[in-house]
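We did not get these values from a lab; they are worked out from the coordinates using the rules stated. None of these values were measured; they are calculated from a predicted model. Backbone-built Cβ (ideal geometry, glycine too); neighbour counts: all protein chains shown.
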């Protein structure tokens, strides 16, 4: 062989090396997690992504703690306790600013994004051999519910009430998740989307969730969709439809109303602190095993005097209750603070009262009776039902004396007695345009907030304002 | 396909071949200094292997192809001469001593060059510069030795890694460490341990095995490493055998170490603390002498018992031992180098030690004239014990010793360690050191085999293939003896790292009539991966403290893994004309699995040129100038130090209601790619009177496509996305000066280097600034700027801290304070100097390192200088200078027990100090016994020496050592140690 042959052989070797396709070699996917495309390409993946969309509900910034706590603090049901170390003071004082607003904004949109990922794949015609359409529909129903709840809770917290005008600023309605800079829709558009999603969810969800897990009502069912529709129409003051959906749940839901003996903590044989209590239509399941569990930043720890106990109960709620009302017994004081009270709705879970675990009721049967009663008082009619009957149905199960007549004011009080610390009062005041009046109040400012006032809508967080030039801040901030 | 073009160009040049008949040339070579004949001088026809060697009379005779050729005369230690043959047939040559080592072979990217031919900014450290520095890892040796290379200690712990920045910091979110290439193979780097701080991957290289280190600083030198070159490249060449009789080398060193504390930093003693606490108690409104004051009761009787200096209690004299045996030698065909090392370092803190065993064998063999094969094999075993250093955690002895009260006894009356130490979470660092385990045992191996084929003169094919592997076993055991609650908790880990590399090049060199051209083309692939298993076993049986006795319900296991692959093609062209005009161009294309699919391949390139004025005829009149060379370069390279899967949209596991689901954990970013680094360099090398030589460099490097976490609208479901959008500039000057003051029997030299780098943030995307706790990144400012609350001193009236807002309004209320940029941890000047005096066998050398113009922030003062905030803990003596009565102008506000005024906040300019220092790195005195004595004992050479390392550091920081990492904010730092070492080198 002469030199040139050597050279050519040598070059051929190098050429082969360089000609080898590198693209496979350079395609490295993580194995301990999955790419978005892969996750969303199979039924199993879509199901996992749907289960993942539940996770944000338990985060500390949503039902896991801050959402119900903020709503009840600002609504006057809760107050800063003597144990308080500074947590939630801003909410209590109604001193929220764009820099000190509410983290629900991030969490709710995270849930919406996760739901959208599944919805968009399914609605693009997803099918898989061997998978029933009903199962695919169920995932769609779960995700539409979560998307609806996200938009609804955002609109309730960051917007003026729908009842004061549907053309007011809403929140961006996000149906396709992308790195966009969306502007705000108006409230009417938001509520229309929530309605559409819930109607679809009600049609597609089963009455019993086939999902495994510890808590069967920690998953979504058609009852949950109908119950949330009842609440939605109540907020929209579509009284008749609200009453109809409430009636539908009351008549078909297999659970039963808590009795006077039920209405106490698990250690006394009651329902608070237990999984899947009889009234629960949908609750957010609390557990240290949940990925979004945030150590001590959980609702029981902040509300129990045995935990941080930063958030106590206002006397304004307690004074509404008769001595015989079992709901009054759910408040406790401590040896060090005999004149201060805390609610035991979140006593830590049975069987050991772990203060880092508690379920948060989102929808339960008593609220359906209260919705129907309020709708009827406002002109709805349901055959065989009266507003007074519905309210007394609850009161008779709470050891309270039956009422002889029912005014709207009394109904609002009953809502407060029954639903306190479950994230309603602030929104009830807003949608009925009543204004906040606090008697038991320790703050220096903002004891009472009139309606209307710009502060009924919390400020859009500054981080969003900074990242999105199309975002409009609520007036006044 | 650009990759094929390169090869085509090579093909064209390779096909040129020349043949002709001979001309006979003869002559004599003599030493210019004394006129004596020089035997053994190599005479070679340039660009060929045609050559001859001078005989004992200095005569040579050589047959050359034609009269247009050049003859190259070279001899070790002499300046190489290249002469045109022309019409003469007799050429006599006078050789002179090469003071500037212009012909020294310099290892550069994918080959070698000479100082003469160099076009880029490179710093070369040879064996001499690295000798006698008893450090475990070579990265520590670079400190103060190379202009523009900033070596910052983050810990003085044996085996810990340093932060190295070449020409400043170029990135916010990608890595900033240089690329290390050993014997042509890029190696793994960083800390590879699971629980300890001492997994520095560079530790596997025995510093004594290093023949030379080349630091590639500018684009012309580094860009051939493409997407990994942005932070500079450090090339390490290990020793190989020299032709001749095999020698056996024995080296032994032993040393004692102690905590360096040149400013006498300390905690308060008992009396000082009692006085301080009594004042703090009074200032909080209590009577410190009244037992009913509860926790505010500070009786003088605290001083009645035995008092303990806890820093003394947790430290000791450490030791260094190192023993090495080596054999090296070579024949015509084979050269070999083998070394075996054992080293054992005991840290100055109890519980800290580091042992390593290291073996290296380098063998090169010529199979034939055209084919040679080589093996570089390195095996390493290390056992490192430590405690939780580098944290403000109560088991960190550095922090604990500052917090534990002097009247807390270290031992109980029965002689066991006292664990009832509530002020330190009931943790005793001595008990921890005695009973707890925190260790990492590593086995590492690197092997590479290369084959070089030179089918004809000038044409070379080389394939270099390597396997690098680390196997680590970690253990963290909290024993019941050291735990107040008496629990036994175990964590164990197994980790594996591997990197496979295949680097293949073809090069061709041709010299025709003063035109000297070299081309090189290559392909390289790297596959890197790691995985780890981790087991958490609470409540193990202390009698059998292993996972098998853990309670199975509480055992937890975890697994992690990560991989990346890199494929590259590259080419280099070198050209010079008559050793006067040099030109170099490089090109590389890198494909990386780390980059998003839209930007998977990147192209990088550089151009460099130099003009050797000293080789011009017109310079000959200026005889005293030996070297005058100007260089310029421009190039673009990249920084690929980003996470392995950052471009993917990812769903990761989640759980709700006891069922597993999947949640999006990372938004997709198919555009994500390397950061681009564009660099310009102008350099001047000079040498005159054979005594003075040096270098001046000016550079600018700009990082574009800098990775930033861009905030997203939350409606996207994410809060931020890492994007390539920022711009950062670094520019600076470097100067090196070397002087041979005396060159006779007594020789004395002096070297000095200094560098100044200035960084500036040019663009942060849509943001004007990014605040990261005490640091702000702001457009127009240096990369790192401290962003601290405006402290306005102590109110002389009442002793409270005063704060200021941007309008200059003074307030006693901390919440009224606003933050402002104050100071920067970036040094204005870094450098070092060294000197060496020698006479006969005696030599004395010293090296110094300095940094100036930087600030450090002592964040632990939040607790250790806390104005009473850390009530019930000991405090630093610096807190004693506090306000006592109206009118006092004091450094510290009055202490208040359980202080709630936030006066000792982390973000406090009171904790910012000038970080300048001058360190006597090393002083070594050595004596080599006269050879005619030792030969009688059949010893080729015998050398004894004594070294002092970190002998003294001049600084003004209120801490043991001034260094606190690149950002100046390290805390809980294991300070550096001083060592005094004696050593023996024996050669048979």
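The table below lists the values:
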item: Packing-based order for A:214-227, B:971-984, using average beta carbon neighbours within 10 Å, highest first; result: A:214-227, B:971-984
item: Averaged over B:556-565, number of beta-carbon atoms from partner chains that fall within 10 Å; result: 2
item: Residue-averaged 222 nm ellipticity for the protein assembly as shown, from DSSP H runs of 4+ at -39500 (n - 2.57), nearest 500; result: -5000 deg cm²/dmol
item: Highest-first arrangement of B:281-288, B:855-862, where packing means the average Cβ count within 10 Å; result: B:855-862, B:281-288
item: Whole-Å semi-axes of the stretch A:365-477's equivalent ellipsoid (Cα gyration tensor); result: 35, 18, 13
item: Cα-Cα separations in the stretch B:341-436 greater than 22 Å, expressed as whole percent; result: 52
item: Cα-projected label distance for residue B:929 with residue B:317, points at 7 Å along beta-carbon direction, nm; result: 2.7
item: Pair residue B:128, residue B:252: separation of 7 Å Cα→Cβ label points (nm); result: 3.0
item: Förster-model FRET efficiency, 35 Å R0, residue B:114 and residue B:842, C-beta, rounded to 0.05; result: 0.60
item: Average beta carbon contacts from partner chains per residue of B:663-670, 10 Å cutoff; result: 6
item: Label-zone membership for the stretch B:408-436, site residue B:481, 7 angstrom Cα→C-beta point, backbone N under 12 Å; result: B:416-417, B:431-436
item: Distant alpha-carbon pairs in the stretch A:43-109 (separation over 13 angstrom), percent; result: 68
item: Pairwise centroid distance, computed over Cα atoms, of the stretch B:874-914 with the stretch B:146-193, Å; result: 37
item: Two-decimal ratio, the stretch B:103-181, of alpha-carbon radius of gyration to 2.2 N^0.38 Å; result: 1.24
item: Largest-first principal axis extents, alpha carbons of chain B, Å; result: 110, 73, 64
item: Ranking of B:56, B:752, A:427, A:158 by count of other Cβ atoms within 10 Å, fewest first; result: B:56, B:752, A:427, A:158
item: Förster-model FRET efficiency, 30 Å R0, residue B:359 and residue A:29, C-beta, rounded to 0.05; result: 0.20
item: Sites residue A:240 and residue A:124, calculated FRET efficiency, Cβ-Cβ separation with R0 51 Å, nearest 0.05; result: 0.90
item: Per residue Cα convex hull volume in Å³ - calculated over the stretch A:252-389; result: 147
item: Alpha carbon centroid spacing (whole Å) that separates the stretch B:259-303 from the stretch B:853-871; result: 18
item: Spin-label model distance (nm) - residue A:176 vs residue A:320, 7 Å beyond Cα toward Cβ; result: 4.5
item: Mean separation of Cα contacts under 8 Å, 6 or more apart, over the residue count of chain B: relative contact order %; result: 12
item: Per-bin percent of Cα-Cα distances, the stretch B:841-900 [10 Å]; result: 19, 33, 19, 13, 10, 5, 1
item: Intensity falloff of the protein assembly as shown expressed as log10 I(q)/I(0), Debye formula with alpha-carbon point scatterers, at q = 0.07, 0.08 Å⁻¹; result: -0.93, -1.14
item: Peptide-level mean, for A:48-59, of C-beta atoms on other protein chains within 10 Å; result: 5
item: The stretch A:385-422-the stretch B:508-572 distance, computed between alpha-carbon centres (Å); result: 67
item: Relative packing of peptides B:404-414, B:436-446 - highest average C-beta neighbours within 10 Å first; result: B:436-446, B:404-414
